[in-house]
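Enquirer: This is the structure I want to talk about, given as structure tokens.
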Amino acid sequence: MSAEKYPEDMIEHLVRDPSDPEYGELVSPREPLPGGWFIEGARTPLDDDELLARALAGARDKARLAPTTWQGPMRWRTQHGPAIVSWLLGKPRQAWNVRLADDRRTKALKINHGMLWRRTADHPPRKYRTGKVEITESDVAFIDVDDPYPYERPTLDGAPSLENDLASDPAFVSALANADFALALVAEMNQVDYVRLDGARTGHHYFRRDEAACLAARLRGLGEEMEDFQYWDQMVPMTELGMLRDEVRKHLLRMSWQPRP
């Protein structure tokens, strides 16, 4: 296995310098959080368990409960020894100078769904490593864990599967190694409804932006997430993006997928 390290590229767009004013005021972790969710008229913020219980009770009883509103700043940062954590609506979202098991320091980004985080991987084939983050008053630690959701091709049920066709095609998978090509795939899948004609079977696929971005991340299998690809219109010059979308269309046509007439 090559010892070459991946450059920190896409994640750098998401985890900028911790002094960026977007991250809000630097506050002490010893003090109460400067913002929180409140029920109208309440004096103390709701904790996570209370918020969940209210949501479940409302859904179960089909009741319209008193609204909860956020009060205070939406973003802030806290210092934990050498590490800094950025918070959004009371949840840790990004962290800098996080300690690894071998005492190296890195940046980390919260994965959108679930409790796990990610950091730049040490070597190929992964681009990002998944892990848990432990925040204490004196430090922040990143603990590597195995990917809990390894990629599996969709199960075929007799209908055409665009994702299965893409994942099964070596030339297409090879082209996806270019991140800009993956962004072009997202653009194409988001804007064009594709149809496959295969004997008596007909299937079509149209993806919303987030779904298309998830598709690209899954197919690349490098530990990336939806947000790495969903803003394709901001990450590749339009002229280059147009040429790459032409390449995407050629691959799709070769696999018998074509734009819906």
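Enquirer: Give me the pairs, please: first residue somewhere in the stretch 184-209 and under 13 Å from TRP257 (Cα atoms) and part of a helix (DSSP H, G or I), second residue anywhere and modelled with pLDDT under 90 and of a type in the set (A, V, I, L, M, F, W, C), beta-carbon distance under 8 Å, and either six or more positions apart or on two chains.
Expert: MET189/PHE207
Enquirer: VAL140: under 17 Å from the mean Cα position of the chain (by Cα) and more than 16 Å from ARG126 (Cα to Cα), yes or no?
Expert: Working: under 17 Å from the mean Cα position of the chain (by Cα): no; more than 16 Å from ARG126 (Cα to Cα): yes.
No.
Enquirer: If you check ALA177 against the conditions, is it within 17 Å of VAL236 (Cβ to Cβ) and not in a helix (DSSP H, G or I)?
Expert: The answer is yes for ALA177.
Enquirer: Report whether or not MET115 is farther than 20 Å from GLU137 by Cα, in contact (Cβ under 8 Å) with a residue 12 or more places away in the chain and loosely packed, with under 14 Cβ neighbours inside 10 Å. Steps first, please.
Expert: Working: farther than 20 Å from GLU137 by Cα: no; in contact (Cβ under 8 Å) with a residue 12 or more places away in the chain: yes; loosely packed, with under 14 Cβ neighbours inside 10 Å: yes.
Criteria not met by MET115.
Yes/no per residue for (1) over 19 Å from ILE135 (Cβ atoms); (2) acidic (Asp, Glu); (3) assigned to a loop (DSSP other than H, G, I, E, B); (4) out of contact with any Pro (no Cβ under 7 Å at 6 or more places or on another chain):
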position	(1), (2), (3), (4)
HIS13	yes, no, no, yes
ARG16	yes, no, yes, yes
SER19	yes, no, yes, yes
PRO29	no, no, yes, yes
PRO32	no, no, yes, yes
PHE38	yes, no, no, no
PRO45	no, no, yes, yes
LEU52	yes, no, no, yes
ALA55	yes, no, no, yes
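Enquirer: Mind telling me which of the residues ARG105, ARG43, ARG64, ARG77 ends up being exposed (fewer than 15 other Cβ atoms within 10 Å of the Cβ), under 19 Å from SER138 (Cβ atoms) and either out of contact with any strand residue (DSSP E or B) (no Cβ under 6 Å at 6 or more places or on another chain) or at pLDDT 90 or above (or both)? Talk me through it step by step, then tell me what you get.
Expert: Details: ARG43 fails: under 19 Å from SER138 (Cβ atoms); ARG64 fails: under 19 Å from SER138 (Cβ atoms); ARG77 fails: exposed (fewer than 15 other Cβ atoms within 10 Å of the Cβ).
After ruling out the rest, the residue left standing is ARG105.
Enquirer: List the residue pairs whose Cβ atoms are under 9 Å apart, where the first residue sits in the stretch 74-89 and is within 20 Å of ASP47 (Cβ to Cβ) and free of Cβ contacts under 8 Å to residues at least 24 places away in the same chain, the second is crowded, with 16+ Cβ neighbours inside 10 Å and among the basic types (Lys, Arg), and the two are 6 or more positions apart or on different chains.
Expert: As it stands, the answer is LEU88/ARG75; LEU88/LYS110, since those pairs meet every condition given.
Enquirer: Do we find a residue being small (Gly, Ala, Ser) and either surrounded by fewer than 16 Cβ atoms within 10 Å (Cβ to Cβ) or assigned to a helix (DSSP H, G or I) (or both) anywhere in the stretch 231-242? Don't jump to the end; show me each part of the working.
Expert: Pass one, the stretch 231-242, residues small (Gly, Ala, Ser): 242.
Retained after the next criterion (residues that are either surrounded by fewer than 16 Cβ atoms within 10 Å (Cβ to Cβ) or assigned to a helix (DSSP H, G or I) (or both)): 242.
Yes; the residues of the stretch 231-242 include at least one that is small (Gly, Ala, Ser) and either surrounded by fewer than 16 Cβ atoms within 10 Å (Cβ to Cβ) or assigned to a helix (DSSP H, G or I) (or both).
Enquirer: Out of GLY72, GLY58, GLY90, report the one residue that is surrounded by 12 or more Cβ atoms within 10 Å (Cβ to Cβ), at positive phi and touching a Leu at 6+ places or on another chain (Cβ under 7 Å). If you could, list the steps in order and put the result at the bottom.
Expert: Details: GLY72 fails: touching a Leu at 6+ places or on another chain (Cβ under 7 Å); GLY58 fails: at positive phi.
The match here is GLY90.
Enquirer: Give the number of residues within the stretch 147-167 that are surrounded by 13 or more Cβ atoms within 10 Å (Cβ to Cβ) and either closer than 23 Å to ASP193 by Cβ or at pLDDT below 80 (or both).
Expert: The first filter runs over the stretch 147-167 and keeps only residues surrounded by 13 or more Cβ atoms within 10 Å (Cβ to Cβ), leaving 147, 153, 160-167.
So of that shortlist, the ones also either closer than 23 Å to ASP193 by Cβ or at pLDDT below 80 (or both) come out as 153, 160-167.
Residues flagged as surrounded by 13 or more Cβ atoms within 10 Å (Cβ to Cβ) and either closer than 23 Å to ASP193 by Cβ or at pLDDT below 80 (or both) within the stretch 147-167 amount to 9.
Enquirer: In the stretch 210-253, which residues are over 13 Å from ALA184 (Cα atoms) and free of Cβ contacts under 8 Å to residues at least 40 places away in the same chain?
Expert: Kept after step one, since they are over 13 Å from ALA184 (Cα atoms), are these residues of the stretch 210-253: 210-211, 214, 218-227, 253.
Within the stretch 210-253, ASP210, GLU211, CYS214, LEU253 meet the criteria.
Enquirer: Shifting gears a bit: Scan the stretch 130-138 and tell me whether some residue there is surrounded by 13 or more Cβ atoms within 10 Å (Cβ to Cβ) and touching a His at 6+ places or on another chain (Cβ under 7 Å).
Expert: Checked the stretch 130-138: at least one residue is surrounded by 13 or more Cβ atoms within 10 Å (Cβ to Cβ) and touching a His at 6+ places or on another chain (Cβ under 7 Å).
The values are calculated or read from the model by the stated rules, or taken from the named source; none is laboratory data. The structure displayed is predicted, hence computed values, not measured ones. Glycine gets a Cβ as well: all are built from the backbone with ideal geometry, and neighbour counts include every protein chain shown.
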